[in-house]
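The values are calculated or read from the model by the stated rules, or taken from the named source; none is laboratory data. On a predicted model such as this, the values are computed, not experimentally measured, just so you know. We place every Cβ from the backbone using ideal geometry, glycine too, and count neighbours over all the protein chains shown. What goes into the accessible areas is simple: the full protein's heavy atoms, side chains included, and nothing from ligands, DNA or RNA. Shrake-Rupley method; radii C 1.70, N 1.55, O 1.52, S 1.80 Å.
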Amino acid sequence: MTVSSSGTDALRLEGITKRFGPVTALDDVSLSVRPGEIHALVGENGAGKSTLMAVASGALEPEEGTVRFFGEALSADPGETRERGLAIVRQEPSLMPDLTVAENIHIGLPKHLRPSVGALREFVRSKLASWHDDTGIDPDARIESLLPEKRFIVEIVKAIASQPRLLVLDEPTEHLTGRDVVRLFEVVRELAASGCAVVYISHRIREVRQIAERISVLRNGRAVGTRDATNLSEDEIITMIVGRRVERPFPPKRAKDVHSERIFELHGVSGPGFRDVVMRVDRGEIVGLAGIDGHGQRELMRALAGQKPIEGRVNVAERFVSIRSPRDSRKAGIRFVPGDRHREGLLPGLSVRENFSLRSIEKDTRGGLINAGAEKRRARTELARLEVKMAGIEAPISSLSGGNAQKVVLTSVLAGDPKVLLLDEPTQGVDVGARAEIYQVMRAAADEGMSQIVCSSDRAELVGLCDRIYVFSRGEIVAELTGDEVNDEAIAQAMMTATNARAHTAALGGKLAKLGSSDWAPFWMLVAAMLILGSVAGWVNPFFLSERSLVNLMVMTATLAMVAYGQQLLMLTGGIDLSVGPLMGLCAVVGSFFLSGDPWLMPSLGYAAIIAVAAMVGAVNFLLVGPLKLHPMVATLATYMAVQAVSLLLRPVPAGMTDFDVLDTIGYRMGAIPATFIIAVIAAIVLDIFLLRSGKGIRWRAFGSNAEAARVAGVTPLVMQFAAYVGCSVLTALAAIMMIEQVAIGDPRAGLGYTLTSIAAVVIGGTSLMGGRGLFLGALLGAGFISLVNSAATFLQLDSAWQNYLLGGLIIAAVAFYSYSRSKAVSA
Ligand SMILES: Nc1ncnc2c1ncn2[C@@H]1O[C@H](COP(=O)(O)OP(=O)(O)OP(=O)(O)O)[C@@H](O)[C@H]1O
C-alpha cells in the first residue's frame, strides 16, 4: 500500500521489508507522513510499528525498501538521521542510566544544538521548565535514580530540544500521568503547527482519535490502510486494527450476592508514601486502587510485594503475615506483576520459556531436577492462551514486541497460582485485542478464587474491570466505591482532595540517596581511611612517616595509578584488560635493550619503542574484542599469555641494567616530591576534566552505560573501543617507564602483580565494573590506598598473607558499600 501526498513528504517509506531470522516483521510496507501533520500509527502487539520507526530512524537496516526524509534518501545511521532532524521517543527510553539528566540530553542533541558543557545545566533546566515549571527533575540527577515516568519526560524533553522536523512518539502516554499527557498533547499540537511532522504510535484509541489527523494501520507486518481520523469512530479503528469486530472488552463482573470469604486484609498499614490503610479483598474479587499518581496506591502495592518497608497488620487467608522482603511476600502467596516490566519483570538474557517458567519452575521439578519436556509443554500451553506472538518459546525475550513481553510476564506470574495477585498497570503497552484477552484471563482467574488488586492510570480500565475501588489521596484511602458507585465521575470526585504529597517525600529520599551514591563518596571515604591507616602506622612505627618512606609511597602510588587509569579508561566503557601486568614486564624488557646507556641509542628511542610496543598490544586487544567480538576477559587473557611468552623469549632471565642517567631522569624529584607522582596527580585531574566536562567524555561514559543507546545517539562503538584499548596500553607503558626506575633491569615478570592491583585500585576507587561511572581521582586514591596498605603492613611487620587479607577484605567492603548506596539511589 502506498499513500501519496502532494508536495514533499516529511517521511516517505517505500516497500520496506524487514526480517529477524524466520520472523518477517515488515512485509513491503509503505507509508508517507506530511510536514505539519500528526499521523497515528496503530496496530496490534507485534504488528511492526516500532520496527518500522526503527527503520525510519536508521537504527535498523531493512532488507528491502527505501526511506526518504524530506525528499532525500536516508542511510541506516541513527546519528545521521538525528542530525537531519528526526527525533524518536522510544517505548523504553534509550537513556544512559549512569549519566545525569543534563548529560543525556546533551548526547541526544544534534551537534549544532549542543550547548557547551559549562552552559549545559542551565540549558537543560530551561528545557525542563518549558515542559512544566515543577517537573521535580534535577538536571544533575542520574537517570537510574528517576522514576519511570520522569525518565520518559526526560526522553520527550530531549526529543523536543532537538528541534525536530519529524518527531516519532512510540506509546508516549503509557508512562505519563494525567497532567503530563495534557502537556504532551499541547506540545505535539504546537510542534505540528510549526511545521514538524509527528508520528504517534499508541494503543489508546481514544487518545489517537483526539490527536491524530490521519491514521495508518499495520497488521502482522503489512500495511492495512491510511484513513482520515476525523471520520472514524473508535469501533471502526479497532476493527481495522484487529481485522474483525471486537466485542465489549470487559467481562461481566462478579455477582453481588457471591459468598464473601476474606482472603486479604490490611489493618492500619503504613509505609513510605501511605498511612493507616484499612482494606480488604474477598476471594475472587478484583479490587482497584485509584488516585493521582504518587498518592500512595502504587507505593502500597510495592510494599505489599515486599519491596518497601511496611508496618501494621496484613492478613492472608485470616493468618497474620509479616512482610519484610519479596520472599516473605511470595511465601504468603502474594505475587506481583510490575509496571516497569523491563526493569523488574523480565530477564533480558533468557528465552521466552525461561522467562515464563522462572516463577513456577517447582511445578516441573521432580527430585530437584527440571523435567524439560513438561516445562516446554506448560510454557507452550499457557503462552498460547494469551496468543503471545513469538518465533517460538526458545526465542530470546528481547525479540518480543513490548506488548507481547508484557503478556509473558503476566502469564508467568499467573502460573505461580497466587492467592493474592497485585497488578501494576496490567495492560501497559498492550493492544486493544490483547487487552480484552488479559481482562478475560484476569476475570477467569478471579472466578476460580484468585483475589486481585489492580493499580492503573487508565480509569476506564479500573471502572470496567474492578468489583470495588479504593481511592487514594495524600497517602490515605479517601473513598471506597462499590457496585454502581464504581464509575469515572465518582473516582474523579474522590480524587479532588489530592495534593502534591509525594513530591516532598521523593525529594527528601532523593537527596539522601544522591549523597550516598555520588561519585565523590568513594573519594572522601578513601581519604578518611588513608588518614586513619597512616596515623595508626605512624604511631606504631614513626619511620613510616619519614621522608624516605613517604617518597617511596608516592613512587609506588604513581606507578600503580598510571596502570589503573588505563584500566579505568576501559572499565568506563564496560571493558577490562587482564594483559596489563605482563605488558608492564614486556615494556621493561624492551626498555632494557634501549636504556642501557649505549652511546648509539638515545633514551628517547627507548621510550618510543616501549610506547609503540604497548600500542600494538592494545591494538591486538581491540581487534579481538571489537571486530572479532570476543569477551574482553577471554581476549585479554589470551594476550596476557602471549605477551608473557614474548617477554620470556626476549629475556629468559632478568638482564640489561638500566643506565643511571635514565634512572635519575625518571626518578627526578621536585623538592621532596617525585615528578612521577606529580604527573599522576595532574593526569587524574586532566582525565577527570575530560570525562566530566567535555562532550567526548560524556560520550565515553555513555557508551559504557548503555552501548546500544549510545550507538543510537551517534557514538561509533569501534572507534570507542579502539581508543579505550590502545589508550589503556599506552598508559600502561607510561606506568612501566615509572616502574623501570624501581626494578632497573629487564625483568619479564616485574609487572605481573599489576593486573590484579590495577583492577583493585579502580574498584576501590568507586568505578562501576558494569561501566559508565567512576572518577580517575578515585583510581588515584585507590592506588594510593593499596600502596599504603602494602607499605603499612610492612612497617607494622604483618606478613604478606595479611596484606592480601586486608586488600581482599577492603575490596569486598568497598564494592558492597558502593552497590548498596547505588541501589538505594535507584529505589529512591
Ligand atoms: N530484535 C528482534 N529480534 C527478533 N524479532 C524481533 C526483534 N524486534 C522485533 N521483532 C519481532 O518483530 C515483530 C514486530 O515487532 P515490533 O516491536 O515492531 O511490534 P509493535 O507493533 O511495535 O508491537 P508493540 O505494540 O507490542 O510494541 C514482532 O513479531 C517481534 O517479535
Checklist line | Residue in the stretch 359-380 that is hydroxyl-bearing (Ser, Thr, Tyr) and open to solvent by less than 80 Å² (accessible area, probe 1.4 Å) present | finding: yes
Next item on the list: Inspect the stretch 40-60 for any residue being surrounded by fewer than 22 Cβ atoms within 10 Å (Cβ to Cβ) and of a type in the set (D, E, K, R) and give the result as yes or no.
Entry: no
Checklist line | Scan of the stretch 291-301 for residues that are buried (at least 24 other Cβ atoms within 10 Å of the Cβ) and of a type outside the set (A, V, I, L, M, F, W, C), ordered by number | finding: Gly291, His295, Gly296, Gln297
Check: When both residues are 6+ apart or on different chains and their Cβ atoms are under 6 Å apart, which pairs have a first residue that lies in the stretch 772-800 and is more than 23 Å from Asp98 (Cβ to Cβ), and a second that is among the hydroxyl-bearing types (Ser, Thr, Tyr)?
Finding: Gly784/Thr557; Ile786/Thr757; Ser787/Thr557
Note to self: Checking the condition within 16 Å of the ligand (Cβ to nearest atom), of a type outside the set (A, V, I, L, M), within 31 Å of the chain's Cα centre (by Cα) and in the same structural domain as Ala446 (by TED's automatic domain parsing), which residue from Glu394, Glu344, Glu354, Glu375 passes?
What the structure shows: Glu394
Check: Residues in the stretch 402-414: is at least one open to solvent by 10 Å² or more (accessible area, probe 1.4 Å), of a type in the set (A, V, I, L, M, F, W, C) and within 13 Å of the ligand (Cβ to nearest atom)?
Finding: no
Margin query: Just to check your reading of the model, which residue among Gly591, Gly581, Gly585, Gly575 is outside any helix (DSSP H, G or I), in contact with a helix residue (DSSP H, G or I) (Cβ under 7 Å, 6 or more places away or on another chain) and buried (at least 23 other Cβ atoms within 10 Å of the Cβ)?
Written below: Gly575
Notebook entry, point to check: helices (runs of 4 or more DSSP H) wholly in the stretch 65-139 with at least 3 residues that are outside the structural domain of Arg773 (by TED's automatic domain parsing), within 21 Å of the chain's Cα centre (by Cα) and within 16 Å of the ligand (Cβ to nearest atom) - which ones?
Noted result: none
Margin query: So, in the stretch 306-319, exactly how many residues are out of contact with any Asp or Glu (no Cβ under 9 Å at 6 or more places or on another chain) and either crowded, with 22+ Cβ neighbours inside 10 Å or of a type in the set (A, V, I, L, M, F, W, C) (or both)?
Written below: 1
Next item on the list: State the number of residues belonging to the stretch 17-59 that are assigned to a helix (DSSP H, G or I) and within 6 Å of the ligand (Cβ to nearest atom).
Entry: 3
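For the condition under 27 Å from His175 (Cα atoms) and touching a residue at least 40 places away in the same chain (Cβ under 8 Å), what is the one hit in Gly65, Gly58, Gly79, Gly71?
Gly79 is the lone residue from the list that is under 27 Å from His175 (Cα atoms) and touching a residue at least 40 places away in the same chain (Cβ under 8 Å).
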Next item on the list: Kindly indicate whether Arg711 is open to solvent by less than 20 Å² (accessible area, probe 1.4 Å), touching a residue at least 40 places away in the same chain (Cβ under 8 Å) and in a helix (DSSP H, G or I).
Entry: no
Next item on the list: Could you tell me which numbered condition Ala87 fails, if it satisfies all but one of (1) modelled with pLDDT of 90 or more; (2) surrounded by fewer than 21 Cβ atoms within 10 Å (Cβ to Cβ)?
Entry: (2)
